[in-house]
1. Given points 7 Å out from each Cα along the Cα-Cβ axis, report the Asp8 to Asp234 separation in nanometres with one decimal.
2. Using 0.36 nm per residue, how much length does the chain from Leu150 to Asp197 gain when fully extended, once their Cα-Cα distance is taken away?
3. How large is ³J(HN,Hα), in whole Hz, for each residue of segment 65-70 in order, when computed from phi with the Karplus curve 6.51 cos²θ - 1.76 cosθ + 1.60 and θ = phi - 60°, using x for Gly and Pro?
4. To the nearest 10 Å², what's Val262's accessible area with a 1.4 Å probe?
5. How much net charge surrounds Val216 when only the other residues with a Cβ under 13 Å from the Cβ of Val216 are counted, with Lys and Arg +1 and Asp and Glu -1?
6. Any idea which of Phe306, Pro387, Phe101 is furthest toward the positive side of the dipole for the chain, if Lys and Arg beta-carbons carry +1 and Asp and Glu beta-carbons -1?
7. Show me, for segment 192-209, the HN-Hα J-couplings you get by feeding each phi into the Karplus relation (A = 6.51, B = -1.76, C = 1.60, θ = phi - 60°), rounded to Hz, glycine and proline as x.
8. List the trypsin sites (Lys or Arg not before Pro) in segment 310-393 that DSSP assigns to loop (not H, G, I, E or B) and whose Cβ has at most 16 other Cβ atoms within 10 Å. Which are they?
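The values are calculated or read from the model by the stated rules, or taken from the named source; none is laboratory data. Since the model is a prediction, treat every value here as computed from it, not as a measurement. Note that we place each Cβ from the backbone using ideal geometry, even for glycine, and neighbour counts take in every protein chain shown. SASA here: full protein model, heavy atoms, side chains in, ligands and nucleic acids out. Shrake-Rupley method; radii C 1.70, N 1.55, O 1.52, S 1.80 Å.
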Amino acid sequence: MTFRISADFVAERNRSDAPALAEDYAALSRQLARRGIDIEAVTAKVAAFAVAVPTWGVGTGGTRFARFPGPGEPRGIFDKLEDCATIHQLTRATPTCSPHFPWDKVSDYRELAEFAKALGVGFDAVNSNTFQDQPGQTPSYKFGSLTHSLKAVRDQAVAHNIECIEIGEKLGSKALTVWIADGSNFPGQSNLNRVFDWYLESLGSIYARLPSDWRVFLEHKLYEPAFYSTVISDWGTSLMAAQSLGPKALCLVDLGHHAPNVNIEQIVARLIRVGKLAGFHFNDSKYGDDDLDTGSIDPFRLFRVFNELVDAGARGAPGFNPAYMLDQSHNVTDPIESLMASAIEVQRAYAQALILDRPALEAAQEGNDVMLAQRIFKAAFVTDVSPILAEARRRGDGAIDPIAAYRASNYRAHKAEERPAASGSSSGIV
Ligand code: LRH
Ligand code: MN
């Protein structure tokens, strides 16, 4: 039997934190009431909010230079699911995980589904991987996958994506995320039109194999690992593909996949407008696709994105049903701590957007009272909604202070004993 944090341990810790929380919650409740906002309505929505954990994020990540594994590294998907369950046990915000194949490949997916169910973890979108060659794989994806010049390579990549759908069906997933590294490093290396034709042809074959209640999420990325052109480089290209494929094809926004300073919340608003927003890979970045902890660099940007999401929900935007997932690489922190903190930062942006005084903002916008509009917008962002987030956790039998509870549980030390360290250092994101 492997170590699990007991519910009693969490309850015991909450008993000492509860009085201070009750005081802070009551004070915030009075403050919001003065602003005409019912805190209970916000807390209920936050408690129902969920974001999926990337299975590839619970192990220590790395860069092309190096990866410094920590103690108790998960050895495979079963260990990863244990860690995902611990993140949800303490935050009550992450009931599902998003698996990646073949990184999470097993021989018996029914056994995996049972194991996850017993841990209380479900499966969100499955991710395919045609950006790496598997040992002994021929032909290679060196020069592309779904858009490779050779039909045999495209067919191989299509077959892998269809296999991911079949695996996902066994796990209870309802979506496939397709991110491809396909692109070029030099002008002239590839025909920018033909590769898009091959993309549509390949995705068409995958789309045809989607079960009726499934969706396919197309993930755009400006660059890396291709450094001159990327086939699906921006939201416009992704939208062109999604619109040509059909209603089950949608556009996934990974926050780190844009040029610096791009107005991502406006991209979100445009995709919602045409009912093509798949959802998100949340993370943060200062320069490139840094995959840093969500809300760690630019929490105001995350708030601005959630403002568009809450606004869309409030006006009942057609087809608005985004999938929320984290996609991060934890190179210097305990991945479990980073994922818990990140899930909470996503909830924070949501709660801040929920308390924004929308009628007053609309009036200020209509009247072009620029300063008043800014103040109303900022007032929501600068409100410390931490008591709402903690109270939502407490009511869900999660930890009022997840990171403190996690550290006090010595979960990592227990896992270091149970999971012998893999020998040798390596590099790369996982
Ligand atoms: C590509 C990406 C994609 C995943 C990978 C791990 O940068 O964001 O979503 O497949 O990271
Ligand atoms: Mn991503």
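1. Once both label points are built, they end up 6.0 nm from each other.
2. Numbers: separation 47, 0.36 × 47 = 16.92 nm, distance 1.31 nm.
Answer, rounded to one decimal: 15.6 nm.
3. 8, 5, 9, 10, x, x
4. Surface accessible to solvent at Val262 totals approximately 60 Å².
5. +3
6. Phe306
7. Taking θ as phi minus 60°, the curve returns 5, 7, 4, 5, 6, 4, 5, 4, 5, 5, 5, 5, x, 5, 5, 4, 5, 9 Hz for segment 192-209.
8. On the way: sites: Arg315, Arg348, Arg375, Lys378, Arg393; in loops: Arg315.
Those satisfying the criteria are Arg315.
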